[in-house]
Amino acid sequence: MKESELSTEPIGQNLIKLISNLCFSVFVFSVLIFTVIAITYQPPDPWLESAPALTKLFTQTENATFKNDDSILKTGEDVVLVASPEVPPALAVNPITETVIKKSEEKILNLNLKSDCEDLKFVNCSDPRVLVTVERFNLKTFKFIVFLEYQTPVNGSKLDECDVAWRFRNKKEKSWRKYRDFRRFKFGIGENCTYNVVHAGGWHSGINARRPRNRPNTTRSSGNLRLAPPVGDEEINDTIPTLGSEMNFRKGKYLYYARGGDYCKGMNHYLWSFLCGLGEAMYLNRTFVMDLSVCLSATYNPSNRDEEGKDFRFYFDFEHLKEVASVVEESEFLRGWKKWNRGRKRKVPVKKVTTYKVTPMQLKKDKSTIIWRQFDAPEPENYWYRVCEGQAAKYIQRPWHALWKSKRLMNIVTEISGQMDWDFDAVHVVRGEKAQNKELWPHLDADTSPDALLTKLKEMIQPWRNLYIATNEPFYNYFDKLRSQYKVHLLDDYMELWSNKSEWYNETTLLNDGKPVEFDGYMRVAVDTEVLYRAKTRVETFYNLTKDCKDGINTC
């Protein structure tokens, strides 16, 4: 018995030691893991929390692959969360409200104007009561419009008609840009011998109130093409600013990004990189040198080829960019740089940076006139946006508020919305390559078929409403079945707005040194997006029409 006890005792002790050693090892290993996590983990900065949200919102991507969803495009004016600068004093205009109209009526009463019905038999368009009648009618009719200013009404084509012009903006647009409409109104005599609107004409029907063609009445030609005299939007000022004297150039501080691998990439990639460079320039308090020449990716071109030499101003509002950021055009900058260095022993101080790994924080105190970032490494080392990765992401804020869509494109958006009297619903139908890819989007094709669309839309939109369809479906007649229930509008219904007789055509041709500009795929999506945003009811593909995920199967 004693021998048995002596033989088993060491086994129990060894087992206890083994268990205790194992527990201790687990404890030490756990402490080690916790220590590593504590060292490497960086809690989110609450002041920077909006940056990832904006990243996802604008680029719709979680990494640097930039797999584009080009069916919808957003810029700074589309997002309420982005704090836009205050309206410049020169552009600040008080909207015309019911209170403003009542004050106008009080002034009219003090004028002691005659109110005999015989005197109102023929409409006197310059009578201030006519304008007040139109203002009140418009305020009641167009709920989504902010009316900013009116011109004095002028005679229409008949004795009871007047043509009236006004400037306005849409409540759903966050920019301070103004647009113009002019309509013909037919008047009758109401109670107490007052004017009332019997009939209001459609968009741009009041042709006598149209602004005069006050530009030189000349034609320009490019080959066999003759251009009509342009009227143009007089409020657009996207001229290239000059540097002025050589001394002005020398006093400046510049950040110059040489062309990198971002050129000819998708527009989302381009914008993500461009705003990185602009954001760094703002952080360094320097003027950003920008290349106005844009290479449009093949995905936006019918030829399926990259197209170089596109002007930044075709797509984006250069005037607004100049107002909110310090920028200089590249060729103007290089001209000033060359002029200063010519014949001088003391050249302009330049700091060359050949790797994105040199952070903006390291350049903060550099006093060189020019910081020149070069991107000569192979892809993806030569992408501009690499500068804003890592630690730099905490310091560089991409200035999305500086980037608005071109006013020329927005004028087309306004024309389309105006022709539907601002009273329309819209459906966003994504098809194209996604509908053909059954592995990632197995139900999309069937869920966006004409029959399925009609069934779904009947549940959400009243019959015989104006229905705008924003889509990448190439076949115009694909949506004909919807015409049995709705007044269907497609972008191609408004081709005259970019035809060779249009204001957009003339303006962009002059901007392009007399060469006609194609209304390309990116422009189409930009216009489609903005009309979609202005709809009273908006139906989305991946939230309303199909259960497929926006980025493919199992990504919801």
Find how many whole Å separate the alpha carbon centroid of region 360-413 from the alpha carbon centroid of region 267-295. 4
Gyration tensor over alpha-carbon atoms, region 246-404, equivalent ellipsoid semi-axes in Å: 25, 19, 16
How many percent of the accessible area of region 98-209 is carbon or sulfur, using a 1.4 Å probe? 51
Debye intensity ratio I(q)/I(0), log10, region 350-444, q values 0.12, 0.15, 0.26 Å⁻¹ (C-alpha model): -0.77, -0.86, -1.27
Taking 7 Å along the Cα-to-C-beta vector as the label spot, tell me the GLN391-ASN155 distance in nanometres, rounded to one decimal. 7.6
Taking only the Cα atoms of region 98-209, how large is their convex hull per residue, in Å³? 100
Note to self: C-alpha centroids of region 142-209 and region 313-343 sit apart, in Å, by 40
Roughly how compact is region 425-496, stated as its Cα Rg over 2.2 N^0.38 Å to two decimals? 1.11
Per q in 0.13, 0.16, 0.22 Å⁻¹, report the Debye log10 I(q)/I(0) for region 406-545, using one uniform scatterer on each alpha carbon and no solvent. -0.59, -0.85, -1.35
What fraction of the Cα pairs in region 134-191, stated in percent, has a spacing above 15 angstrom? 53
The answer for region 98-209, accessible area per residue at 1.4 Å probe in Å², is 54
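The values are calculated or read from the model by the stated rules, or taken from the named source; none is laboratory data. The shown structure was predicted, so the numbers you read here are calculated from the model rather than taken from an experiment. So basically every Cβ, Gly included, is an ideal-geometry build from the backbone, and we count neighbours across all protein chains shown. Only protein heavy atoms, including side chains, enter the accessible area calculation; ligands, DNA and RNA are left aside. Shrake-Rupley method; radii C 1.70, N 1.55, O 1.52, S 1.80 Å.
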